[in-house]
Each structure stands twice: as structure tokens, then as C-alpha cells.
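See structure below.
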Amino acid sequence: MQRPRASLGRVIDDLGATLLDLAYGAPDRAGDIGGVVIHDPLDQPVLPPNALVLGVGVDAPDQVATLLRALGRQQAAALVLRAPVPLTDEVRAAADEAGVAVLELSRGAPWSHLSEMLRSLLAVGELRVDQAESLGGLPSGDLFAVANAIASLLDAPITIEDRNSRILAFSGRQDEADRQRVETILGRQVPERLSRVLHERGVFRDLLRSDRPVFTGPIPDGKGDHTLPRVAIAVRAGDEVLGSIWVAVPEHLSEERVEALRESAKLVALHMLRVRGGADVQRRVRADLLSSALEGGAGAGEALERLGLASRPLLVLGVALDARRRGDADSAAVVHDQQRLADAFALHLSAIHPRAAAAAIGDVIYGLLPQVRDRAGPLAERTLQDFLDRVGDRLPAVAAVGPAALNLSGVAHSRSCVDRVLRVLREGRVHRRIGTLDELQGEALITELRDLAAARGDAPTGALARLIDYDRRHQANLVETLRAWLDAFGDVAAAAESVFVHQNTFRYRLRRVAEVGRLDLTDPDQRFAAMLQLRVLHTGTYGPAAGSDA
């Protein structure tokens, strides 16, 4: 695994002016950014070296100064605060002492938008496989570098958007455009009123039909002003439209610049395909590494090294779609939902710890989470509960926590425990969505005994076989009676109520159980054997409707 290759200076260059500005400090002090971390004052996150920390909700000067000193001790690269940054003498002194730059997020820009942009920018070069490192002389898949190159070629600010008009990357010089362009970048989405006008003018229709640039004149912004004209061109891969390039220009482009834009669209298509393919490759690489680590074989140590998780206690987490609540969904929908669940879980874990890893292996999404401050159980279960609450009923899922793994063999054992718990949860034998083996070992053992009995073809024998035979021949309820009595721990009143009969009727049936099955209900060994058979073996359903008497 290679670290992300974007420096703090590169981040400011690409996201500066419109989204992010340097408020104080020297951006060239730190090397490559090691990751993006959201600051949580109630649960301090573990920072990778040269972290970029998002100080959500931190605005008081004393809070900023205290946080800067703490970040300096953890070798963070920069702290991002919402504009306006309170640059008091205390804050400046703390930034100088810590060696941490202070960046300013523009008003109106969502933190989630900044986080996505930063992760996209920093991900270039991460988990590379053998492949070409550049396309058209630019880093492969680096859409920000491509956007800046096209802007220089056309001498105008541009954006690269997907098919849904979401911003994928943008060039510098956006201050030369208009308020609508700035609003688009801050919200990472073309505003609805602007999109509606473009639809009415047929711009999107023309983009889909033509491989040539489409010009649209100024659009009223609703505040007495107009946007700059736009020239847009579709980005295609064969017959598929991947997205579009939008250029803010004061007038029509010359033929030379039109041809340059057409050639640029072809280059953007290659980079967008690289981003798409790279995401698939990264998923496969991470899944392979995670699979090797969880199996605990010869390659487990190297896999953990490449994942950045070696030499530390780990927690194994598992998430799977809840088959009971999916109904008769077709396989394509299940595969799609599982991928969405895997992506959401990976994003959720990355916010908990920068070194956390997650990937789908088979029909289970596994996660490896470094254990923090000896809070394995509560931290892991709270992490999973938060995740299930977030996905809700859109992606109904169950989750399991394995015991803390202190070494390679412990990782494989923890994964086995997760699998056993998920099996119980997905079969619906307990009414809960999160579990551990400590809580569900009994149910897991019963499930495994059922598998063993089914594999060997075991059938009921002895007392239980005699009761089943009697029920079949006489349409009686003796097996049901025995099951209810054992489940009620010998409480006749509770057992009779559970099968909706009078207590005297139930006592009569219980005597018939002892007589027909030749079963001594006062013998604990015989009671246990009967209970185990009822739990493990398939007994069928015989007898009349509940509540009648044979």
C-alpha cells in the first residue's frame, strides 16, 4: 500500500479560493497528507501522521488554541475551521507552537462535501496496482489535475460533472465565473433553478444527442443579475455518457478552442473510466487483503502490513443483509444492496479510525478496527449500532462483534465467532440485530448441531419417536405438549396458556406423554435428551388444531 500523494499545498491549490483557503500558517511544512479525520471532542480520534483534521463546531478562540496544541503533539498537518476563523494572538501563537496550518472552509459549504472532495483528492495513488501511472501526461484518475489542465488550455474556469450534475472536480480561477458557479461548487450540485432552466432550453437533451459542444446564453440568477454563458460537452465512453465538462466563458469558443474541448472530453473519459475501474480494483485488492488477514494463513501477516493494521490489537466486525426482511428480492437487487452496504460500512469505519478496513467477502461485509483504549466491546457495539441506525430499513442488516484479536491466530478465531453469530441472527432465532458469541453461544451450538444432524440424516428415536408416531396415528398433540412443558420449565399453568388449553387438559396430555413415550419426566437426563432432540432434530407437525383434545 502506498500513502496518498497529495500535499497540503496541493489541497489548497485545488480546493482554494472557492471552497478552502489558507487562514494561517505555512502549507509547505508537512509532507503528504496521511488522511482526513473529523474532530470529536467527546471521543478523541486516533490520528495518522500528517492528518488533515476537520474542526466541526470549533469556533471559540480558546477551543481553537487548545485543539491546535493537541494536534501538534499528534503531528497533524492542518486544522480546517468554518469561516471566519478567530485569528487571535493566542490562536496564532498556538498554531506556530504546534506547527499546524489553519485552513478556512467557506460559509455555505457542507462539511460532508469538503470531506468527500478531500478523500477523492487524497485517494489518488492509494493502493495502486501495476498499471500506467499517467494518461495524457497527467496522473491517472486525477480529475482535479485534468480540470486545471483543461482550464489552462481553454483559458477559462471549468467543472467536471457526472450524469446527475454532481461536481466531480473543478479547476482554479472559479472567482472569474459567477455566483451560480460558486454556489454549484459549494453545494457540489447544480442548483435546481439553474438545472430547470437548462432542461427547458434543451441543453441536457442536446448534450446526450451530440458529441459537439453545446452553447447556452446567460441565465437570470433571480437576484437581478445573470450568469456567464456556458459551453458544455458530454464525456462519452462509446455509447455511454459518463458526465460532462462545463466551461464558463463570456462568448462562443473559437474553432480551435472547440476542437481542444472535444479532445479534452476524450481525455476526461479515460480518466473517469480509470476512476471507476480503480474503485473496482481497490475494492478487490482490499477484499483480497482482508480475506488473507481473516483466514490467518501464511499471507496474513503481510496482508495486515499492507492494510496498515499490523502489530496492534484488532476487533473483527461483521455486517450482513437480514435475509428474513428482504422477502423475495431478486439476486441482482441483493448484490446491489450488498455493495451499497459494503460502501456505507467502509465509510462509517473510516470515520471511526483512519486505519480501519472493510470489504465484502461472500455475503458478509467484514471490518477490521484497531482496538482503542481497552474499550473493545462497548466501542465496537456502539459503532455497529450507530451504523445500523444510519442505514435503517433502507438496507436491513444484522451485525456481529468478534472477541479482540491480539495476534494473527486471534484474527482468524474472531472472524469464526463473527460468522457463527451472524448465522444465528440471520436465521431469526433471536429477536435482535447485534450480537456477540458471549451472548449467543448456546444458539450457535444448537444451529451447528442441527447442521450435523442433517448431514448425518439423524431422525428422532426413543421416546420422541414414539410420541411422533402416536401423534401421526391419532391426530394428537403429545409432542407439542412436551415441548410447551419443557419450554415453560415445568410450569403447567404457563405451558397450558401457551398452547391455549385448560390446565386440567394439559395435565392429562402430560400423563399421556409419559405413558406413550415411556418417558420419566422426573429424570433430568431424560428431560435434557428430549429437549435436545426437540431443538436439533426435525420432528414434523402432526395433530389437530391447537386447543382441541384428542
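The values are calculated or read from the model by the stated rules, or taken from the named source; none is laboratory data. All of these numbers come straight from a predicted model, not from anything done at the bench. In this analysis, Cβ positions are derived from the backbone assuming ideal geometry, glycine residues included, and neighbour counts consider all displayed protein chains.
With respect to V146, is the statement that it is modelled with pLDDT of 85 or more, among the β-branched types (V, I, T), crowded, with 18+ Cβ neighbours inside 10 Å and under 32 Å from the mean Cα position of the chain (by Cα) true?
Details: modelled with pLDDT of 85 or more: yes; among the β-branched types (V, I, T): yes; crowded, with 18+ Cβ neighbours inside 10 Å: yes; under 32 Å from the mean Cα position of the chain (by Cα): yes.
The answer is yes for V146.
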Self-check item: segment 240-257, residues that are touching a strand residue (DSSP E or B) at 6+ places or on another chain (Cβ under 8 Å) and either closer than 14 Å to S152 by Cα or surrounded by 15 or more Cβ atoms within 10 Å (Cβ to Cβ) (or both)
Solution: V241, L242, G243, S244, I245, W246, V247, A248, V249, L253
Quiz prompt | Selection within segment 406-422 - in contact with a strand residue (DSSP E or B) (Cβ under 7 Å, 6 or more places away or on another chain) and among the polar types (S, T, N, Q) | solution = S414
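For segment 403-455, enumerate the residues that are part of a helix (DSSP H, G or I), more than 16 Å from R535 (Cβ to Cβ) and among the polar types (S, T, N, Q).
If the condition is that a residue be part of a helix (DSSP H, G or I), more than 16 Å from R535 (Cβ to Cβ) and among the polar types (S, T, N, Q), then S409, S414, S416 are the ones that fit.
In contact with a Ser or Thr (Cβ under 7 Å, 6 or more places away or on another chain) and either under 24 Å from G297 (Cα atoms) or modelled with pLDDT of 85 or more (or both), is that true of P370?
Working: in contact with a Ser or Thr (Cβ under 7 Å, 6 or more places away or on another chain): no; either under 24 Å from G297 (Cα atoms) or modelled with pLDDT of 85 or more (or both): yes.
No.
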Practice problem: Return yes when D386 is in a helix (DSSP H, G or I) and at pLDDT 80 or above and no when it is not. | Solution: yes
Exercise. List every residue pair whose Cβ atoms sit under 9 Å apart, with the two residues 6 or more apart in sequence or on different chains, where the first one lies in segment 482-496 and is under 14 Å from F528 (Cβ atoms) and small (G, A, S) and the second, anywhere, is at pLDDT below 90 and surrounded by 14 or more Cβ atoms within 10 Å (Cβ to Cβ).
Key: G490/L521; G490/R527
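Only one of D438, D393, D363, D386 is in contact with a helix residue (DSSP H, G or I) (Cβ under 9 Å, 6 or more places away or on another chain), surrounded by fewer than 19 Cβ atoms within 10 Å (Cβ to Cβ) and under 25 Å from A300 (Cα atoms). Can you tell me which? Explain how you work it out, then say what you get.
Numbers: D438 fails: under 25 Å from A300 (Cα atoms); D393 fails: under 25 Å from A300 (Cα atoms); D386 fails: under 25 Å from A300 (Cα atoms).
Exactly one of D438, D393, D363, D386 is in contact with a helix residue (DSSP H, G or I) (Cβ under 9 Å, 6 or more places away or on another chain), surrounded by fewer than 19 Cβ atoms within 10 Å (Cβ to Cβ) and under 25 Å from A300 (Cα atoms), namely D363.
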Practice problem: Would you tally the residues in segment 184-211 being touching a residue at least 60 places away in the same chain (Cβ under 8 Å) and either small (G, A, S) or part of a helix (DSSP H, G or I) (or both)? | Solution: 3
Quiz item: Would you pick out the residues in segment 467-487 that are under 14 Å from V513 (Cβ atoms) and either of a type in the set (K, R) or part of a loop (DSSP other than H, G, I, E, B) (or both)?
Solution: A476, N477, R483
Quiz item: Got a sec? Which of A329, A320, A260, A293 is at pLDDT 80 or above and not in a helix (DSSP H, G or I)?
Solution: A320
